[in-house]
Amino acid sequence: MDIAVVTGASGGIGAAIAKAIAEKSGGQLAVCLHYNGNRQAAEALVKEIPGSFSVQADISTAEGRKTLLDAVLAKGTPFCLINNAGIDKPHEPALMISEEGFDKIISTNLKAPLFLMRDFAKEMARNESGVIVNISTVLARKAVVGSAVYRASKAALEALTLQFASELGPKGIRVVAVAPGFIETNMTASIPEEQRAGIKKDVALGSFGSPDAIAETVWHAIENQYLTGAVIAVDGGMSL
Ligand SMILES: NC(=O)c1ccc[n+]([C@@H]2O[C@H](COP(=O)([O-])OP(=O)(O)OC[C@H]3O[C@@H](n4cnc5c(N)ncnc54)[C@H](OP(=O)(O)O)[C@@H]3O)[C@@H](O)[C@H]2O)c1
């Protein structure tokens, strides 16, 4: 069975991606719903998506990444890896950046997707086919106070996307990044109303986006056989 692995499927964007893959592939892809702490959300999703299964792992550690890989290999052949799990906190202004905060964000947003790409791509290369989609952010190209390390982690993830696309293309593996703008999920739920209004003024389309808008583009990246090494902005025009 070909498997699509979605990391952070217990979160807003990850859940939408998992549902879209299951629906649009017409059950051709079994979805691996990866989560870390939110077992309840993952279990609810397993009930909703036929043929899916969940795996708990802290992918900021080598042990957690191995747990995820082993669980997927026990079920079938990895065909898609969606590196979606991520954190944007702690928010630390430039002169307040802590080593602890740096290590936390970098190990989750950069180290985890890098080594998951390395290890899953080795498996995909055996069949000379696979697709990896990395979830970046509009903030990779925009300064917002408190987001320096988050921005750096995602800008580096975009660089890795291009590098892996170049090296893995000849092995039949495509690698794409999708860069969302501000999306309505738990990650943005605590932004105060006044700040939300300010952000919306920066968005050409004038609103936050829905997780489904990101899921649609991820599915497009999976389907489009000639797409690789691209960073696709889905941000309502915030990066313009
Ligand atoms: N929302 C936005 O406006 C926005 C904009 C641009 C980019 N993004 C990116 O989109 C992705 C998804 O964000 P979201 O908005 O859906 O956030 P979310 O609802 O907070 O979900 C984040 C997910 O990441 C998982 N996760 C965090 N740390 C982990 C770790 N160490 N090991 C394993 N899983 C971990 C969480 O798992 P548990 O909850 O199970 O612990 C959760 O499933 C992130 O990469 C984020 O940077 C979001």
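All of the numbers you see were taken from the coordinates with simple rules; none came from a lab. Here the structure is a predicted model, which means the values were calculated and not measured. Backbone-built Cβ (ideal geometry, glycine too); neighbour counts: all protein chains shown.
Determine, from the Cβ-Cβ distance of residue 43 and residue 220 and an R0 of 30 Å, the FRET efficiency 1/(1 + (r/R0)^6), rounded to the nearest 0.05. Don't skip to the end; give the middle numbers.
Numbers: r = 29 Å, r/R0 = 0.96.
The computed FRET efficiency comes out at 0.55.
Which value in deg cm²/dmol, rounded to the nearest 500, describes the helix-derived mean residue ellipticity at 222 nm for the chain, given -39,500 (n - 2.57) per DSSP H run of n ≥ 4 and division by the residue count?
Values: 9 runs with 108 residues, N = 240.
After summing the helix terms and dividing by the residues of the chain, the value is -14000 deg cm²/dmol.
Evaluate the distance, in nm, between pseudo-label points positioned 7 Å from the Cα of residue 97 and of residue 155 along their respective Cα→Cβ axes.
So the label points at residue 97 and residue 155 sit 0.9 nm apart.
I want to check a number: in the chain, how many lysine pairs have alpha carbons closer than 14 Å, given a sequence separation of 8 or more or different chains?
9
What net charge is computed for the residues neighbouring residue 137, neighbours being all others with C-beta under 12 Å from the C-beta of residue 137, Lys and Arg scored +1, Asp and Glu -1? The partial results should precede the final answer.
Values: positive: 141, 142, 151, 154; negative: 88, 158, 235.
Net charge in that neighbourhood comes out at +1.
Report the calculated FRET efficiency for residue 75 and residue 184 (r = Cβ-Cβ distance, R0 = 35 Å), to the nearest 0.05. List each step's numbers first, then the result.
On the way: r = 32 Å, r/R0 = 0.91.
Using R0 = 35 Å, I get an efficiency of 0.65.
Could you state the number of Å between the C-alpha centres of region 1-67 and region 77-141?
With region 77-141 and region 1-67 each reduced to a Cα centre, they are spaced 16 Å.
Would you mind putting 13-20, 231-238, 60-67 in packing order, based on average other-beta-carbon counts within 10 Å, highest first?
On the way: 13-20: 26.4, 231-238: 19.6, 60-67: 15.5.
Packing proxy ranking, top to bottom: 13-20, 231-238, 60-67.
Among 88, 103, which comes first, then next, by fewest other beta-carbon atoms within 10 Å? Don't skip to the end; give the middle numbers.
Numbers: 88 20, 103 13.
Starting with the residue having the fewest Cβ neighbours, the order is 103, 88.
Which ³J(HN,Hα) values in Hz, rounded to whole numbers, follow from the phi angles of region 111-124 under the Karplus curve 6.51 cos²θ - 1.76 cosθ + 1.60, where θ = phi - 60° and Gly and Pro get x?
So the J values, rounded to whole Hz, are 5, 4, x, 4, 6, 5, 4, 4, 6, 6, 5, 4, 6, 4.
With each label point set 7 Å from Cα along the Cα-Cβ vector, what nm distance links residue 145 and residue 194?
The modelled label-to-label distance comes out at 1.1 nm.
Quick one: dipole size for region 41-194, taken about the Cα centre, charges +1 on Lys/Arg Cβ and -1 on Asp/Glu Cβ, in debye to the nearest 20. Don't jump to the answer; show the numbers that get you there.
Details: 16 positive and 18 negative charges, 116 e Å.
In total the dipole reaches around 560 debye.
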